[in-house]
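Data first, discussion second: the structure below is written as structure tokens.
The values are calculated or read from the model by the stated rules, or taken from the named source; none is laboratory data. Source: prediction; values computed, not measured. FYI the Cβ positions are ideal-geometry reconstructions off the backbone, even for glycines, and counts take in every protein chain you see.
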Amino acid sequence: MKDELFLRGENVPMTKEAVRALALSKLELHRASHLIDVGAGTGSVSIEAALQFPSLQVTAIERNPAA
């Protein structure tokens, strides 16, 4: 997904598109049933994982309400 599709607050970092693509490919989620994203920030990794793997149960945890 393009970075511009994600909403985020000021000073909230986001995992960039190329990094998300690489990370998701390395995680080999096609074999997984659950992904827990601790420190999810904007949730860009979790959202993209959920879209790529519809049967994957995704849990995103973020303590910063601005994210």
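Take GLU17 and decide whether it is surrounded by fewer than 19 Cβ atoms within 10 Å (Cβ to Cβ), among the acidic types (Asp, Glu) and closer than 18 Å to MET1 by Cβ. Yes, satisfied. Whenever a residue of region 38-55 is touching a residue at least 40 places away in the same chain (Cβ under 8 Å), its partners that are aliphatic (A, V, I, L, M), lying with C-beta atoms within less than 6 angstrom and at least six residues away or across chains, give the pairs SER44/MET14; GLU48/MET1.
List every residue pair whose Cβ atoms sit under 7 Å apart, with the two residues 6 or more apart in sequence or on different chains, where the first one lies in region 1-17 and is within 11 Å of VAL45 (Cα to Cα) and the second, anywhere, is polar (S, T, N, Q) and surrounded by 15 or more Cβ atoms within 10 Å (Cβ to Cβ). Partner pairs satisfying both residue conditions: PHE6/THR42; PHE6/SER44; MET14/THR42; MET14/SER44; THR15/SER44.
Here GLY39 meets each of (1) of a type outside the set (Val, Ile, Thr); (2) modelled with pLDDT of 95 or more; (3) over 11 Å from MET1 (Cβ atoms) with one exception, condition (2). Residues that are among the hydrophobic types (A, V, I, L, M, F, W, C), part of a helix (DSSP H, G or I) and loosely packed, with under 14 Cβ neighbours inside 10 Å within region 24-53 comprise just one, LEU51.
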